[in-house]
1. Give the distance, in whole Å, between the Cα centre of the stretch 279-337 and the Cα centre of the stretch 195-255.
2. Whose amide H sits under 5 Å from the amide H of C287, counting only residues 5 or more places off or on another chain, with H placed in the peptide plane?
3. Please list, in order along the stretch 69-74, the HN-Hα scalar couplings obtained from phi with the Karplus expression 6.51 cos²θ - 1.76 cosθ + 1.60 (θ = phi - 60°), rounded to whole Hz, x for Gly and Pro.
4. Classify the stretch 2-144 from the C-alpha gyration tensor, please: rounded if a/c falls under 1.5, else prolate or oblate depending on whether a/b exceeds b/c.
5. Using 7 Å Cα-to-Cβ label points, what is the V372/E111 separation (nm, one decimal)?
6. Ranking request for peptides 193-200, 75-82: highest mean number of other beta-carbon atoms within 10 Å first, then the rest in descending order.
7. Put +1 on the Cβ of every Lys and Arg and -1 on every Asp and Glu Cβ in the stretch 206-304; which of L247, I214, Q265 then has its Cα farthest towards the positive end of the dipole?
8. How do M311, M25 rank when sorted from fewest to most other Cβ atoms within 10 Å of their own Cβ?
Amino acid sequence: MKKARLEGYWQMKKNIFIIDDSALMRRVLSDIINSDERFHAAEFAANGLEALYIMKHRAKEFDAVLLDITMPRMNGIEFLAELKKQNIKATVIIVSTIARQDAKETIEALELGAFDFVKKPESFAEVNSNQFSRRLLECLCEAVKATQKTGKVNALEMLAAAGNTREKIRKKKVRASNPNTNKLVAMACSTGGPKALHTVVPALPANLDAAVLIVQHMPAGFTKSLADRLNELSSIRVREAQDGDILEKGTVYIAKGGHQMRLLQREDGAYYLSVSKEAARRGLLPCADIMYESLSELAFDQITCVVLTGMGSDGTAGISKLYKSQNIYVIAQDEETSVVYGMPKVMKETGLVDEVLPLQDISSAIIKNVGVH
């Protein structure tokens, strides 16, 4: 009986495959994983070639894979490319350093289908901190669906805070199709966001009749690589937001990792970005709620708010506040195409969403709503 209970206990655990050329990092990751009763460090590999052999024969045994990028014989990018080429299904989390080259390659890994990434510790002190282990376990939890988050409580809280009612929500929304109107697109995303942005942003035209603000939850050092890559793929201009940038139509501004971004207005009427190094809100830096809140007193004819895939509820409080003072049009990604159906789900449950769309239809909806010039 005791043996049966023990076997059942282990069957409940999620098996994790660790791929890293550093024996120390494999040990660190293993210790963190095994410290949580939901997970088990089930297998190890020191390079992509060794890992690929294991995945060819045993991929179904693993609930998630932790993958280093810089490794001998076959690196993480090459490994992901081979998984895709050979149609081997895996939920892969990149564990990357902050180095510029790794940041660029991390973006490439997300393009190739990696679920998310966790910044590798830069010191022994950080290795031993709870911050790294908490972030890693949180990411694993989302990746393997070890826990289920309904988001319903948060949605109700946000609804109450905004003072919304179904009758109030039914007020007429005016699409700002007139080319003389002043429009803005403001987008929020988290887990799965980089890959989603690779679908939405390149489909936007260079002459979009609005500027686009994006908050993607990412640490410092990665958003520049994301912006540069999207700029390469897009006809619309994409850049990492810088403090003092004057807002221009046909330009996408991605909030700088490790900073908060707000849109402000000068006395002459021009809009400019404030990008500041400050405290995180609810652990988020950048935080979409802060961006949305900054728009509440500005003179836009319409603001198109877009909420894409991501864990948590960031964006909902800010959009709910924005609803009180601005003409907004809200688009949320649907559950089927979301990597993590958290942020768009919570937003949908407020009743403020005008359209729930699959990822591939969102860019068309943005263009339809704001037009071109």
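Values quoted throughout were computed directly from the atomic coordinates according to the rules given, and no laboratory measurement underlies them. Predicted model, so just to flag it, every value in this text is computed and none were measured. So basically every Cβ, Gly included, is an ideal-geometry build from the backbone, and we count neighbours across all protein chains shown.
1. 16 Å
2. The list, which skips near neighbours in sequence, is M261.
3. 9, 8, 9, x, 6, 8
4. oblate
5. Inter-label distance under the simple model: 2.4 nm.
6. Listed from highest to lowest mean packing, they are 193-200, 75-82.
7. Of the candidates, I214 comes out farthest on the positive side.
8. Neighbour counts put them in this order, fewest first: M25, M311.
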